[in-house]
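Novice: I'd like to ask some things about the structure below.
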Amino acid sequence: AQKVTQAQTEISVVEKEDVTLDCVYETRDTTYYLFWYKQPPSGELVFLIRRNSFDEQNEISGRYSWNFQKSTSSFNFTITASQVVDSAVYFCALSPRQGGSEKLVFGKGTKLTVNP
Amino acid sequence: NAGVTQTPKFRVLKTGQSMTLLCAQDMNHEYMYWYRQDPGMGLRLIHYSVGEGTTAKGEVPDGYNVSRLKKQNFLLGLESAAPSQTSVYFCASSPVTKPYEQYFGPGTRLTVT
């Protein structure tokens with residue numbers, strides 16, 4: 001069975017602080033995808049990143065960076081110099097790469113509040 | 001190109017009433033999905049469809065039925081609504097070449113009193 005754990009239910013930071021959102025996953029599949037989604041207060045789900053289990057390189061996109069460590073089954077998300085607009089619920093998700101890749105399993109989400 | 005749309009955006013039902021949520025996509029995607037989102041629970045898959053005329057159960061299918069009569073539409077039905085079905089419902093679709101690349105609709109907030 002697949003499982004995604006986001007142990008941080010809520011995080012509150014002050015603007016310009018760096019913040020890391022943790023994601024730990026469990027899967028028996030040898031190949032899989034990992035995802036991060038953002039859900040701002042308006043409610044829609046915004047895709048942020050997909051990572052293939054073959055690729056353990058870290059990725060940076062502007063103020064966002066992702067650290068994938070297969071050895072610890074973690075896929076953590078860091079926001080550098082946070083801004084008020086980063087306030088949202090962030091979801092980590094997992095799917096098998098083959099045979100059922102349509103079945104995304106989501107974590108329970110981490111609510112990030114960035115205060116001015 | 002509207003992407004994934006959901007109708008209605010909000011709905012209030014009384015216990016025992018029935019209703020249908022409509023999801024439509026204009027991206028010619030084969031796969032479509034219905035999720036529910038509850039506070040502290042993340043998104044959970046209710047039912048999904050891998051093509052016109054086919055449906056399958058997800059993680060939490062009880063109390064719901066679905067139909068996929070047309071490729072672009074995926075209907076979610078509640079025959080006898082219960083307060084436990086109060087939730088935000090999201091529809092999504094994805095192409096057959098990249099099933100994991102799911103595009104989400106804006107959500108429907110349903111309250112059952």
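Novice: Expressed as a whole number of Å, what is the distance separating the alpha-carbon centroids of region A:40-101 and region B:36-99?
Specialist: Result: 24 Å between the Cα centres.
Novice: Go ahead and set up a Gaussian network model of chain B, Cα springs under 10 Å, then flag whichever of B:N73, B:N65, B:N28 fluctuates most.
Specialist: So, out of B:N73, B:N65, B:N28, the one fluctuating most is B:N28.
Novice: Which whole-number percentage describes the relative contact order of region A:11-116, with Cα contacts under 8 Å and a sequence gap of 6 or more?
Specialist: That works out to 37 percent.
Novice: To continue, here is another question. If Rh is defined by the Kirkwood formula over all Cα pairs and Rg also comes from Cα, what ratio Rg/Rh do you get for region B:41-106?
Specialist: 0.95
Novice: Rounded, prolate or oblate for chain A? Axes are the square roots of the Cα gyration tensor eigenvalues, ordered a ≥ b ≥ c, and the cut-off for rounded is a/c under 1.5.
Specialist: Here chain A falls in the prolate category.
Novice: Next question. Springs between alpha-carbon pairs under 10 angstrom, Gaussian network model over chain A: which of A:R28, A:R97, A:R51 fluctuates most?
Specialist: A:R28
Novice: Straight distance only, please: which aspartates and glutamates reach the Cα of B:K70 with their own Cα at less than 18 Å, same-chain residues fewer than 8 apart left out?
Specialist: B:K70 reaches B:D26, B:E30, B:E52.
Novice: Further question on the same structure: Semi-axes of chain B's equivalent ellipsoid from the Cα gyration tensor, sqrt of 5 times each eigenvalue, largest first, rounded to whole Å?
Specialist: Listed largest to smallest, the semi-axes of chain B are 22, 14, 13 Å.
Novice: Where q = 0.13, 0.14, 0.15 Å⁻¹, what log10 of I(q)/I(0) comes from the Debye formula for the protein assembly as shown, counting one point per Cα?
Specialist: Once normalised to I(0) and log-transformed, intensities are -0.78, -0.90, -1.02.
Novice: Here's a follow-up. Going through region B:1-89, which GluC sites (Glu not before Pro) have at most 16 other Cβ atoms within 10 Å and a DSSP loop state?
Specialist: B:E52, B:E59, B:E79
Novice: Tell me the trypsin sites (Lys or Arg not before Pro) within region B:1-47 that lie in a loop according to DSSP and have at most 10 other beta-carbon atoms within 10 Å.
Specialist: In loop regions of region B:1-47 (DSSP not H, G, I, E or B), the sparsely surrounded trypsin sites (Lys or Arg not before Pro) are B:K14.
Novice: Between A:V13, A:V89, A:V24, find the one with the highest GNM mean-square fluctuation for chain A; connect C-alpha pairs within less than 10 Å.
Specialist: Of the options given, A:V13 has the highest mean-square fluctuation.
Novice: A further question on this structure: Neighbour counts of other C-beta atoms within 10 Å: give me B:T55, A:T78 arranged from fewest to most.
Specialist: A:T78, B:T55
Novice: Of A:K16/B:K57; A:K16/B:K9; B:K9/B:K98; A:K108/B:K9; A:K16/A:K70, which sit over 32 Å apart, Cα to Cα?
Specialist: Those over the limit are A:K16/B:K57; A:K16/B:K9.
Novice: Quick one: net charge around A:A1, please, counting Lys, Arg +1 and Asp, Glu -1 for every other residue with C-beta under 10 Å from its C-beta.
Specialist: That works out to +1.
We did not get these values from a lab; they are worked out from the coordinates using the rules stated. Everything quoted here is computed from the prediction, not taken from an experiment. Glycine gets a Cβ as well: all are built from the backbone with ideal geometry, and neighbour counts include every protein chain shown.
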